[in-house]
Amino acid sequence: MEMEKIVSLCKRRGFIFPSSEIYGGINGCWDYGPLGVALKNNIKRFWWRSMVQLRDDIEGIDASIIMHPRVWEASGHVQQFADPMVDCKDCKLRFRADDLEGESCPSCGGELTEARMFNLMFRTHVGSVEDEAAVAYLRPETAQGIYVNFQNVIKPSRQKVPFGIAQIGKAFRNEITPRNFIFRTREFEQMEMQYFVKPGTDGEWFEYWKEERLRWYDVLGIKKGKLKLHEHRDKELAHYAKEAFDIQYEFPFGVKELEGIHNRTDYDLSRHREFSGKDLSYYDQETNERYIPYIIETSAGVDRTLLCCLVDAYREEEVKGEKRVVMGLSPAIAPKLAGIFPLVKRDGMPEIAKRIDELLKPHFDVFYDAGGSVGRRYRRQDEAGTPFGITVDSQTLKDETVTVRDRDTMEQVRVGIDDLVEWLREKISS
Ligand code: GAP
């Protein structure tokens with residue numbers, strides 16, 4: 001129920017559309033509209049700032065999506081990155097066997113085939129000859145681009161273990177059943193960080209990153225009571241993990257994974273050392289030891305975080321007998337920080353509002369809106385998740401102050417035009 005409202009708001013306000021919609025869409029792929037891309041960029045920037053910019057121990061990279069095919073043999077994905085798939089013999093629909101556990105075939109009750117393993121990697125060919133030697137894959141996770149660059153990064157950055165490498169980028173999985181809007185898609189983005197530590201210290205670092213990542217969602221403004229930690233039991237552990245926790249969120253369709261935190265041990269670097277024949281060990285000058293670092297990984301989905309922000313922010317309220325829909329997004333990530341409204345289209349108010357728009361634009365994402373009553377403009381601002389509405393009114397003409405309306409409390413204060421940049425800046429950082 002609530003999801004339908006969010007999907008419809010996303011379409012109406014220009015957050016998210018089905019991909020290739022005029023052709024009927026394509027399953028598991030979505031496009032971000034003007035507000036959606038702004039929100040997505042802000043979430044990525046928010047992550048990068050806390051994981052890379054504000055830290056001395058994490059470096060960023062941006063690796064290619066198509067990598068040498070041996071990478072995926074070494075990583076174990078060619079062999080093991082598969083889900084059990086079943087087909088219904090009657091309606092021919094395809095399901096993930098683990099999605100159906102304990103349920104009968106949901107649509108027609110037909111007989112199911114035996115489960116077969118289905119590799120989730122998208123295959124393509126590199127170059128003009130489409131033979132087996134030219135097979136390549138679209139990366140199913142960004143992590144491998146970090147492992148293969150371990151030595152490339154450590155030398156120029158002069159980092160010492162423990163340190164991390166972070167990356168944001170697209171990943172692709174041929175999911176058997178993409179579903180729940182942008183929650184499980186075939187093309188998505190990840191924000192991943194691989195933290196290289198000395199073996200034996202991995203337990204402590206694992207705990208550290210669990211806490212740190214949970215705190216991040218708190219700072220992002222996600223309601224605490226909606227976040228959960230879920231520990232993977234043996235059967236759930238990925239082929240590379242010794243220990244794993246999911247940070248989960250209580251979505252309208254169930255409590256689901258937002259981010260995975262894994263202790264990947266020395267699996268990845270050892271495998272790449274074996275497959276590439278290159279030395280991926282680390283020489284610790286302090287202790288005079290050489291070892292293959294263990295890796296603690298934090299792996300978040302951009303699209304899932306964005307969906308979580310939308311779901312968490314959505315609320316309906318009654319104000320003086322009228323319903324209002326509000327997207328209570330944090331000012332730190334809201335697609336537009338402020339709307340600028342002339343109260344009426346005369347008395348020089350549009351000109352002053354445009355001047356304010358020009359004044360604020362170099363600093364923040366703002367928009368000018370003169371269409372409809374100011375009440376209607378506020379409603380649009382609420383639905384778009386814009387935290388502040390700046391209105392030029394008759395008093396502005398006298399004293400160069402404007403009314404600033406707070407989206408959440410609907411309280412209004414007067415701020416001098418010259419003080420607006422500072423006033424808004426404070427709101428973002430608080
Ligand atoms: N490198 C580790 C890794 O990829 P994962 O648990 O398979 O681990 C990490 O994925 C995160 O990537 C998930 O928590 C989720 O946020 C996001 N993700 C994975 N598959 C996705 C999909 N099909 N659609 C959207 N997001 C996905």
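The values are calculated or read from the model by the stated rules, or taken from the named source; none is laboratory data. Keep in mind the model is a prediction, meaning the values are calculated, not measured. Here Cβ is always computed from backbone atoms with ideal geometry, including for glycine, and neighbour counts include all displayed protein chains.
Write out, first by first residue and then by second, each pair whose Cβ atoms fall under 8 Å of each other, whose residues are 6+ apart or on separate chains, and whose first residue, in the range 255-273, is at pLDDT below 95 while the second is within 9 Å of the ligand (Cβ to nearest atom) and assigned to a strand (DSSP E or B).
Once the first residue is at pLDDT below 95 and sits in the range 255-273, no partner that is within 9 Å of the ligand (Cβ to nearest atom) and assigned to a strand (DSSP E or B) comes close enough.
Would you point out the residue of the range 187-235, among those that are basic (Lys, Arg) and under 22 Å from Ala166 (Cα atoms), that is farthest from the ligand (Cβ to nearest atom)?
Step one: list which residues in the range 187-235 are basic (Lys, Arg), which gives 198, 210, 213, 215, 223-224, 226, 228, 233, 235.
Filter once more, keeping what is under 22 Å from Ala166 (Cα atoms): 198, 210, 213, 215.
On the way: Lys198: 21, Lys210: 14, Arg213: 11, Arg215: 17 Å.
Only one residue fits best here, namely Lys198.
Which one is modelled with the highest pLDDT, of the residues in the range 170-179 that are more than 7 Å from the ligand (Cβ to nearest atom) and out of contact with any strand residue (DSSP E or B) (no Cβ under 7 Å at 6 or more places or on another chain)?
Asn174
Of the conditions (1) in contact with a helix residue (DSSP H, G or I) (Cβ under 8 Å, 6 or more places away or on another chain); (2) surrounded by 23 or more Cβ atoms within 10 Å (Cβ to Cβ), Lys278 fails just one. Which one is it?
Against the list (1) in contact with a helix residue (DSSP H, G or I) (Cβ under 8 Å, 6 or more places away or on another chain); (2) surrounded by 23 or more Cβ atoms within 10 Å (Cβ to Cβ), Lys278 comes up short only on (2).
Could you list, in sequence order, the residues of the range 53-82 that are of a type in the set (Phe, Trp, Tyr) and at pLDDT below 95?
Here is the first cut: in the range 53-82, the ones of a type in the set (Phe, Trp, Tyr) are 72, 81.
Passing the criteria: only Phe81.
Just one of the numbered conditions (1) away from the ligand (no atom under 16 Å from the Cβ); (2) outside the structural domain of Gly145 (by TED's automatic domain parsing) is not true of Asn41; which one?
(2)
Taking the conditions exactly as written (within 16 Å of the ligand (Cβ to nearest atom), free of Cβ contacts under 8 Å to residues at least 60 places away in the same chain and not hydrophobic (A, V, I, L, M, F, W, C)), does Asp246 satisfy them or not?
Numbers: within 16 Å of the ligand (Cβ to nearest atom): yes; free of Cβ contacts under 8 Å to residues at least 60 places away in the same chain: yes; not hydrophobic (A, V, I, L, M, F, W, C): yes.
Yes: the conditions hold for Asp246.
Is there any pair with a first residue in the range 72-93 that is loosely packed, with under 15 Cβ neighbours inside 10 Å and a second that is of a type in the set (Asp, Glu) whose Cβ atoms are under 6 Å apart and which are 6 or more apart or on different chains, and what are they?
Hits for this filter: Lys89/Glu111.
Please count how many residues of the range 103-147 are out of contact with any Lys or Arg (no Cβ under 9 Å at 6 or more places or on another chain), under 27 Å from Glu189 (Cβ atoms) and touching a residue at least 12 places away in the same chain (Cβ under 8 Å).
7
Does Gly60 count as assigned by TED's automatic domain parsing to the domain that holds Gly164, over 13 Å from Ala166 (Cβ atoms) and small (Gly, Ala, Ser)? Talk me through it step by step, then tell me what you get.
On the way: assigned by TED's automatic domain parsing to the domain that holds Gly164: yes; over 13 Å from Ala166 (Cβ atoms): no; small (Gly, Ala, Ser): yes.
Here the answer is no, as Gly60 does not meet what is asked.
Starting from residues that are among the hydroxyl-bearing types (Ser, Thr, Tyr) and closer than 30 Å to Tyr32 by Cβ, keep the ones in the range 153-186 and report whichever is nearest to the chain's Cα centre (by Cα).
Thr185
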